[in-house]
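As structure tokens, the structure follows; a few thoughts come after it.
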Amino acid sequence: MRRPGSRFGGRLEPFSHVDLQLYAGRSLDIVTQAELVTSFAPVRADFALSACGSAMVEAADHLAQEDERSNRLFLLLLEGLRTLALSPATPSAVLDGYLFRLASVAGYHPHLDACAACGAPGPHDVFTIAAGGALCPDDAPFDAHPLDPAVTGLLRRLLGGPLSDQRDAPEDPRVRRAAAALVASYLTYHLGRPLRALELVER
Amino acid sequence: MAFEGPVQDLIEEFGRLPGIGPKSAQRLAFHMLTIDTEDARRLANAIVQVKERVRFCVRCFNVAEQQECRICRDPRRDPTVLCVVEEPRDVMAIEKTAEFRGRYHVLGGAISPIDGVGPDQLRIKELVARVGAEDVAELVLATNPNIEGEATASYLARLLKSMGLRVSRIASGLPVGGDLEYADEVTLGRAFAGRRDL
């Protein structure tokens with residue numbers, strides 16, 4: 001793929017959105033044609049954006065299933081890379097929104113407005129990753145720490161709005177860090193492994 | 001079916017080398033059976049010698065037989081310009097061009113967030129220390145033009161420009177003897193972005 005003699009050149013690089021023609025091989029398919037749709041060049045050229053893009057791609061790679069169509073995951077990844085390519089002021093905020101929504105797309109939707117155990121309408125101020133979201137006082141463990149309402153509000157916005165809304169988010173850095181830590185823990189719990197690229201994301 | 005004794009051992013050893021699959025390993029092992037004992041001994045000796053005598057240059061981390069490599073010891077090289085590369089083999093590739101007369105710094109890889117390789121795993125601290133201690137005025141970032149190399153160059157540019165140095169990046173574009181029609185969009189786009197006056 002990366003040999004100078006490759007007829008695909010720089011088309012088959014990570015982050016590239018490509019239109020491929022594949023020949024079905026015995027174990028792996030063989031790329032016979034590749035056309036570039038978008039290279040997301042700004043994401044490649046900037047370290048902070050590249051680290052966020054890498055975390056997006058890594059998470060999508062872990063959650064996508066072999067030979068299974070996943071349009072929502074694909075479209076979310078495209079939205080994430082497109083938003084990063086606009087060089088947002090806080091790329092890590094775009095990443096957090098992407099990761100939280102990715103968990104939802106993958107079937108691990110975090111419940112924020114109703115109790116994740118009994119469905120009692122909220123808001124509830126305890127969030128438990130293992131339970132999949134907020135818990136009412138009856139279902140919350142007795143030693144659970146309540147979540148700051150500002151963090152809950154940010155999580156709600158991360159999950160609900162378009163990723164472009166996170167570009168220049170003016171949130172309190174303390175609230176932003178708390179929400180980012182919770183999103184990372186939530187995804188790590190459901191993936192069963194941490195995302196390596198997250199360690200290089202600048203907060 | 002596995003072969004017996006030393007032949008199987010040799011196949012397994014060859015099979016551990018990069019780019020050598022089981023069939024190639026078997027072919028190499030059987031080739032060894034056909035060559036002269038003296039040739040085999042010379043090969044074995046070359047492997048032992050490279051492990052015993054070759055080390056990393058204490059200054060630039062290129063491969064060396066002494067404390068410092070041949071390039072760092074050469075007083076004719078320009079000490080004010082440093083070319084930053086990923087691996088020692090990149091030093092050889094640039095030396096073959098005979099276009100660069102400065103010195104090098106070998107990072108030992110590139111930043112790769114997906115593989116969990118960050119700046120701390122590379123010789124970036126050593127580069128910053130060199131820039132502070134030596135009379136360096138310009139850094140040429142010659143990391144590979146792929147995702148990892150670009151991320152590394154971007155990180156280094158941000159870090160080192162703040163130290164008041166001139167930081168440049170090697171150009172990327174069309175290969176000599178290439179054909180525009182077959183160039184991919186990324187490469188051709190870069191060739192245009194980096195065009196120069198004649």
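The values are calculated or read from the model by the stated rules, or taken from the named source; none is laboratory data. Note that this is a predicted model, so its numbers are computed, not measured. Here Cβ is always computed from backbone atoms with ideal geometry, including for glycine, and neighbour counts include all displayed protein chains. Heavy atoms of the whole protein, side chains included, go into the accessibility calculation; ligands, DNA and RNA do not. Shrake-Rupley method; radii C 1.70, N 1.55, O 1.52, S 1.80 Å.
With within 12 Å of another protein chain (Cβ to nearest Cβ), over 23 Å from the mean Cα position of the chain (by Cα) and either more than 27 Å from A:F40 (Cα to Cα) or open to solvent by less than 80 Å² (accessible area, probe 1.4 Å) (or both) as the only criterion, which of B:G164, B:G194, B:G132, B:G178 stands out? I'd like the intermediate steps shown before the answer.
On the way: B:G164 fails: within 12 Å of another protein chain (Cβ to nearest Cβ); B:G194 fails: within 12 Å of another protein chain (Cβ to nearest Cβ); B:G132 fails: within 12 Å of another protein chain (Cβ to nearest Cβ).
Criteria check complete, one pass: B:G178.
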* **Scan of region A:29-63 for residues that are open to solvent by 50 Å² or more (accessible area, probe 1.4 Å) and more than 14 Å from chain B (Cβ to nearest Cβ), ordered by number** => A:D29, A:I30
* To do: Could you check how many residues of region B:159-185 are within 23 Å of B:L141 (Cβ to Cβ) and either charged (D, E, K, R) or part of a helix (DSSP H, G or I) (or both)?
  => 6
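Pull up region B:138-154, narrow it to residues that are in a loop (DSSP other than H, G, I, E, B) and within 14 Å of another protein chain (Cβ to nearest Cβ), then point me to the one that is least open to solvent (accessible area, probe 1.4 Å).
Within region B:138-154, the subset in a loop (DSSP other than H, G, I, E, B) is B:142-146.
Keeping just the survivors that are within 14 Å of another protein chain (Cβ to nearest Cβ) gives B:143-146.
Details: B:T143: 2, B:N144: 58, B:P145: 77, B:N146: 21 Å².
Top of the filtered list is B:T143.
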* Structure fact -> B:D135 vs (1) free of Cβ contacts under 8 Å to residues at least 40 places away in the same chain; (2) part of a loop (DSSP other than H, G, I, E, B): all pass except (1)
* Do you know which residues across region A:81-129 are in contact (Cβ under 8 Å) with a residue 40 or more places away in the chain and touching an Asp or Glu at 6+ places or on another chain (Cβ under 6 Å)? -> A:A89
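So which residues in region A:130-159 are open to solvent by less than 20 Å² (accessible area, probe 1.4 Å), under 27 Å from A:L81 (Cβ atoms) and touching a residue at least 12 places away in the same chain (Cβ under 8 Å)? Give the derivation first.
To start, the set of residues in region A:130-159 that are open to solvent by less than 20 Å² (accessible area, probe 1.4 Å) comprises A:132-136, A:151-155, A:158.
Checking which are under 27 Å from A:L81 (Cβ atoms) leaves us with A:151, A:153-155, A:158.
If the condition is that a residue be open to solvent by less than 20 Å² (accessible area, probe 1.4 Å), under 27 Å from A:L81 (Cβ atoms) and touching a residue at least 12 places away in the same chain (Cβ under 8 Å), then A:V151, A:L154, A:L155, A:L158 are the ones that fit.
Considering only residues of region B:100-113 that are surrounded by 21 or more Cβ atoms within 10 Å (Cβ to Cβ) and under 29 Å from A:P194 (Cβ atoms), which is nearest to the other protein chains (Cβ to nearest Cβ)? Give the derivation first.
Restricting attention to region B:100-113, the residues satisfying the condition of being surrounded by 21 or more Cβ atoms within 10 Å (Cβ to Cβ) are B:103-107, B:110-113.
Add one more test, that the residue is under 29 Å from A:P194 (Cβ atoms), and what stays is B:107, B:110-113.
Working: B:L107: 14, B:A110: 11, B:I111: 7, B:S112: 8, B:P113: 4 Å.
Per the criteria, the residue is B:P113.
Assess whether A:P162 counts as being open to solvent by 20 Å² or more (accessible area, probe 1.4 Å), farther than 19 Å from A:H62 by Cβ and not acidic (D, E). Let's see the steps before the verdict.
Details: open to solvent by 20 Å² or more (accessible area, probe 1.4 Å): yes; farther than 19 Å from A:H62 by Cβ: yes; not acidic (D, E): yes.
Spelling it out, A:P162 is indeed open to solvent by 20 Å² or more (accessible area, probe 1.4 Å), farther than 19 Å from A:H62 by Cβ and not acidic (D, E).
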* Asked: If you go through region A:74-86 one residue at a time, do you hit one that is farther than 13 Å from A:G53 by Cα and either assigned to a helix (DSSP H, G or I) or not assigned by TED's automatic domain parsing to the domain that holds A:P194 (or both)?
  -> yes
